[in-house]
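K.L.:
First the structure, then my questions, so here it is.
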Amino acid sequence: MKKQVMEYASGNEMAAIAIKQIGYDLMGYYPITPSTQIAENLDIMRAKGETDLVMVAAEGEHSAAGICYGASVAGGRVVNATSANGLLYAIEQFPVQSGTRYPMVMNVVCRTVSGPLSIKGDHSDIMYLLNAGWPILFASTVQQVYDFNIIALKLAEQARLPVVVAYDGFFTSHQKGRCLRFEDDEVVREYIGEKKEEYPFLDLEHPITVGSYMNEPDLINNRYQLHMAMEKADRLLPELFASYEEFSGRNYGKVEGIGCEDAESILVLLGSSFDTAMEAVEEMRKKGKKVGTATLHVLRPFPGKELYAMLRSAANIMVADRQDSYGAGGGNLSLEVRALMQRYGSRTRIKSLIYGLGGKDFFKEDAKDMLAWAENPAKPEFAYYGITPGDEEQEAGDNLYEGAEKNFAPLFMPVTRERTQIGAGNNLNAVTAMPGRIAPGHGACPGCGIPVNLNLLLRGIEDPVVFLFQTGCAMIVTTSYPRTSFKVPYLHNLFQNGAATLSGVAEICYRKQKKGEIPPGDIIFIMVSGDGGMDIGMGSAIGTALRGHRLLLFEYDNGGYMNTGYQLSYSTPLGARSATSHVGKEQYGKSFFHKDMPQLMAATGIPYVATVAESNPTDFLKKAAKAADYAKNCGTAYVKAISACPLNWNDKPATERKVIEAAVNCCYFPLYEVEQGKTMLSYDPEKMGKKIPVLDWLSMMGRTKHLQKEQYKDVVDRLQQETDRRFYELKKKAKEAE
């Protein structure tokens, strides 16, 4: 047994420690709650020089999975981490990895799959991976997260399969506990051993082809080989658990349980709930109740023999699922337990409950109640546990749907408002009389630029609007159920496909108007994106622009993935500190320039592109009105606003207008428009005698204050040169357009 030290840490922290100690080559990642802390902690270690892990910040989970696949094919040791819709977004990549038999490890920090949006933990994501060809280890404690990460890589490389380590979001991932880790990283690396490649991809003298096209009978043979690899993983696991016990002193099996040897009733569940269920069982057994509880540490390959041996003596089995396989009469775990018991000819009574969705807490009393439910013949075989009844006094007509169950609440409210004409010849002060379309109530941080920018945008648009918000701070702070800040039609969809979704809404509206099914009239369809949404959603936005749908894409650029705790986005300034671009002896913050999204959108040929800032409100309103006019008459319009985030910019809410003004005056965020292909500068700080160095702006924010130090002069000089290059290129284009 090797020397170990005590850590008081969370599951995500222990996963990061294990990854660092293993000495992986590369991590491709995209931040998504609650798995984000893994990348954040690794970046801290990298900044301190504690790891040389190559961390590639992808623009979305699909690309992160592709980055990992490519690195693993090239022979690297590769790790990833994701959750919920991130897993679903990348899911088509996972069978590619297993089908071509390239090992890696992915931590899945389990979370509710949207919609509606919830970031809390359940198992609705991990069950989508059951058919992907990846062995899945499920950790129920912080200690197991660390240990299973080490075991997983040995399993992956010996079976030549990618492996998942799954654990509960916010329970195991964020709650801290005492656990042991190996003191010396080299000890872990010696245990893992050197990676061996039978057919190295980068051997240019012996080239190979990976992922070729297959027809029958080759494809079915490939699948059979994958089946045999999973069978091999099943045989390897007991050996690996045994070797790890000798190495660490901790014993694991495919399944674990207490009280099952003589139990009349057994509760089967996954993850962090197992500890709670064990406490309940211990209390009940002290009172003479013959009960037990069991969990699985391996979901794939399914530990049928081991689980049956644990359950076979019970008269009653209750399987509690933190997800539902809708329409199947139970979650995936309960369906597999039923099939297992039937396979062995058991006549044990099996019931299943859906519980704990959206991170709903699980207590000892719940475990006791579930065991009592299993023994009660009057209780149904399948049900949802812990649902909240609606208001019995509520009239059916008050619900979203006539005759619906009484736990629905109205989400939208009608609004009537006078239309205030805004045009080139009108006084822009008239917009103050326009009724608001966003209610005063929201949950944004003090000084947040999102409400300011949204209200300025809407003040410039006189026509009715329909909103689509991509996931992000703007969506979260305005639509916390059962309240909404919007007095207009509003739809939410995910980061990666907001523009495509809105294009579908718009086209159906135009079609229905043309057919006379809904009243005619101008409507401005607006997608609101920010918090890095134009990274993962850039493909959707560009595709929408190229198709030319009549709608407006509005981006509030706050320079980071703010809704997940400020990780770097492609719009974060060079050198800025973030949760995934720390500052230390080995790095200086973000390592590459910010993305020029307005120029990318202009390159699609859409009729109108503009940049706006709250420091120049009159310019903002004029451009909003112009963008709306193009959106309803010509095609796609794009408007980008620089948007303050005091919390993550690390400055004062009261000074944000000055910070925004400085970003404009240093030309980091130039104000211009591209109308019908012609570039026009809206504001030239150089001509006005107001141009300032980029460093003056950077010095106003805590996230970039470190760049004032002499050691970072080269970084500032590079940013200044790139800022000037982009600005003078704009001036050149504007001159040519005159």
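The values are calculated or read from the model by the stated rules, or taken from the named source; none is laboratory data. Model, not experiment: these values are computed from the prediction. All Cβ positions, glycine included, derive from the backbone under ideal geometry; neighbour counts span all protein chains shown.
K.L.:
Which one is farthest from residue 280 (Cα to Cα) among residues in the range 336-383 that are among the basic types (Lys, Arg) and assigned to a strand (DSSP E or B)?
P.N.:
349
K.L.:
Another one. If I filter the range 306-317 for residues that are surrounded by 22 or more Cβ atoms within 10 Å (Cβ to Cβ) and under 28 Å from the mean Cα position of the chain (by Cα), do I get at least one hit?
P.N.:
Checked the range 306-317: no residue is surrounded by 22 or more Cβ atoms within 10 Å (Cβ to Cβ) and under 28 Å from the mean Cα position of the chain (by Cα).
K.L.:
Within the range 480-514, can you find the residues that are assigned to a helix (DSSP H, G or I), under 25 Å from the mean Cα position of the chain (by Cα) and of a type in the set (Phe, Trp, Tyr)?
P.N.:
Matches in the range 480-514: 495 only.
K.L.:
Kindly indicate which of 592, 620, 554 is more than 27 Å from residue 55 (Cα to Cα) and either within 23 Å of the chain's Cα centre (by Cα) or at pLDDT below 95 (or both).
P.N.:
Only one candidate qualifies: 554.
K.L.:
Does residue 482 fit the bill of being surrounded by fewer than 23 Cβ atoms within 10 Å (Cβ to Cβ), more than 30 Å from residue 647 (Cα to Cα), assigned by TED's automatic domain parsing to the domain that holds residue 613 and modelled with pLDDT under 95?
P.N.:
The answer is no for residue 482.
K.L.:
Can you tell me which condition residue 312 does not meet? The list is (1) touching a strand residue (DSSP E or B) at 6+ places or on another chain (Cβ under 8 Å); (2) closer than 16 Å to residue 295 by Cα; (3) among the charged types (D, E, K, R), and all the others hold.
P.N.:
(1) is the only condition that residue 312 fails.
K.L.:
To continue, here is another question. Any residue in the range 671-681 that is part of a helix (DSSP H, G or I) and buried (at least 19 other Cβ atoms within 10 Å of the Cβ)?
P.N.:
No, the conditions are met nowhere in the range 671-681.
Each row is one residue, and each column tells you yes or no for (1) touching a Lys or Arg at 6+ places or on another chain (Cβ under 8 Å); (2) of a type in the set (A, V, I, L, M, F, W, C); (3) buried (at least 19 other Cβ atoms within 10 Å of the Cβ).
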| residue | (1), (2), (3) |
| --- | --- |
| 600 | no, yes, no |
| 604 | no, no, no |
| 630 | no, no, yes |
| 638 | no, no, yes |
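K.L.:
Something else about it: Quick check on residue 262: is it outside the structural domain of residue 331 (by TED's automatic domain parsing), over 17 Å from residue 144 (Cβ atoms), at pLDDT 95 or above and acidic (Asp, Glu)?
P.N.:
Criteria not met by residue 262.
K.L.:
Here's a follow-up. Limited to the range 695-713, what total is found for residues that are under 26 Å from residue 599 (Cα atoms) and either assigned to a helix (DSSP H, G or I) or outside the structural domain of residue 574 (by TED's automatic domain parsing) (or both)?
P.N.:
Residues meeting the conditions: 4.
K.L.:
Checking the condition more than 18 Å from residue 35 (Cβ to Cβ), in contact with a His (Cβ under 9 Å, 6 or more places away or on another chain) and either at pLDDT below 95 or outside any loop (DSSP other than H, G, I, E, B) (or both), which residue from 199, 191 passes?
P.N.:
The match here is 199.
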